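Asker: One structure coming up, written as structure tokens, with questions to follow.
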Amino acid sequence: MHEATLENQTQASVDVPGSIFLVGMMGAGKTSVGRILAKRLQKTFYDSDHVIEDRTGVKIHLIFEIEGEPGFRVRESAVVDELTALRDIVLATGGGAVLSEKNRDRLRTRGTVVYLRASVRDLLNRTRHDKNRPLLQAADPRTRLTELYEKRDPLYREVAHVTVDTGNQSIASLVNRLCQLLLKTRSEQ
């Protein structure tokens, strides 16, 4: 398919069959991109963290306070299992969802996984004022974010079918680029 044809197809709704699962660090844009991508692809959007909050009636940071990270990850794995079994959705996963091998397997085998990759600098700029990110409530958020990135980046790359660098582009531009890559990926399969 020619580049001009791909560009024209990304301006309106795009027919990409199956589910799309977004992975990446906190602040990479999974929820923002996911909402717009779902509209473009005419799919239902889910955010695994929001589903957990809706079901528990509390914010993620409170779950971390009460149950710790291990307790949260149990809840997260159950939600990821349930949501990845749905058809034709766009799912924004929590940043740590890939820590579980079962989650990675479910994501990779049940849909197309997109890694929204961003630099630590960009992630820090996007998250520095957000008090709802329990893993960044540290004395040195940059160091903590760097540690998380170094641990998780190989797992994101392992599970991803498509990787997109988010950089400083607008969400609309990012969604257009992502639609092009998804169409290209589908045509190569």
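The values are calculated or read from the model by the stated rules, or taken from the named source; none is laboratory data. A quick note: this is a predicted structure, and the numbers were derived from the prediction, not measured. We place every Cβ from the backbone using ideal geometry, glycine too, and count neighbours over all the protein chains shown. For the accessible areas, the whole protein counts, side chains as well, though only heavy atoms, and no ligand, DNA or RNA atoms are used. Shrake-Rupley method; radii C 1.70, N 1.55, O 1.52, S 1.80 Å.
Asker: Would you list Lys184, Lys151, Lys43 from the most to the least accessible area, probe 1.4 Å?
Answerer: Sorted descending by solvent-accessible area, the residues read Lys151, Lys184, Lys43.
Asker: Given H placed on each backbone N at 1.01 Å, which residues far from Phe21 in sequence or on other chains put an amide H within less than 5 Å of it?
Answerer: Leu91, Thr112, Val113, Val114
Asker: A follow-up question, please. Pull out the extension gain between Leu99 and Asp81, defined as 0.36 nm times the separation in residues minus the alpha carbon to alpha carbon distance; nm, one decimal.
Answerer: Using 0.36 nm per residue and subtracting the Cα-Cα distance, I get 5.1 nm.
Asker: Would you please classify the overall shape of region 71-129 from the alpha carbon gyration tensor, given that a ≥ b ≥ c denote the square roots of the eigenvalues, rounded means a/c under 1.5, and beyond that prolate means a/b larger than b/c while oblate covers the rest?
Answerer: prolate
Asker: Tell me the Kirkwood radius of region 30-133: reciprocal of the mean inverse pair distance over distinct alpha-carbon atoms, in Å.
Answerer: 14.6
Asker: Tally Lys/Arg at +1 and Asp/Glu at -1 over every other residue whose Cβ is under 14 Å from the Cβ of Tyr115; what's the total?
Answerer: Charge balance in the 14 Å sphere: +4.
Asker: OK, next. Taking the Cα atoms of region 150-189 alone, what are Rg (to one decimal) and Dmax (as a whole number) in Å?
Answerer: Rg and Dmax of region 150-189, Cα atoms, are 11.9, 32 Å.
Asker: Explain nothing, just compute: Karplus ³J(HN,Hα) = 6.51 cos²θ - 1.76 cosθ + 1.60, θ = phi - 60°, for every residue of region 143-153 in order, whole Hz, x for Gly and Pro.
Answerer: Those phi angles translate into 5, 4, 5, 4, 4, 4, 4, 5, 6, 8, 3 Hz.
Asker: If you consider only alpha-carbon coordinates, what radius of gyration and Dmax does region 12-78 have, in Å?
Answerer: 14.1, 45
Asker: Apply the Karplus parameterisation 6.51 cos²θ - 1.76 cosθ + 1.60, with θ equal to phi minus 60°, to every residue of region 97-113 and state each ³J(HN,Hα) to the nearest whole Hz, in sequence, with x for glycine and proline.
Answerer: 4, 6, 5, 8, 4, 4, 4, 4, 5, 4, 4, 5, 8, 10, x, 9, 9
Asker: Taking Lys59 as the anchor, which aspartates and glutamates have their alpha carbon closer than 15 Å to its alpha carbon, excluding any fewer than eight residues away along the same chain?
Answerer: The qualifying aspartates and glutamates are Asp47, Asp49, Glu67, Glu69, Glu76, Asp130.
Asker: Between beta-carbons, use under 10 Å as the cut-off and find the net charge around Leu83, counting Lys and Arg +1, Asp and Glu -1.
Answerer: Cβ neighbours under 10 Å give a net charge of -1.
Asker: Right, here's the next one. If I model a spin label at Asp54 and Thr185 as a point 7 Å from the Cα along the Cα→Cβ vector, what separation in nanometres do I get?
Answerer: Those two pseudo-labels are separated by 2.4 nm.
Asker: Between Thr109 and Glu67, with labels modelled 7 Å along Cα→Cβ, what's the label distance in nm to one decimal, could you check?
Answerer: If labels sit at Thr109 and Glu67, their model points lie 2.4 nm apart.
Asker: How large is the dipole of region 17-89 about the Cα centre if only Lys and Arg carry +1 and Asp and Glu carry -1, each at its Cβ, rounded to the nearest 20 debye?
Answerer: The calculated dipole for region 17-89 is roughly 460 debye.
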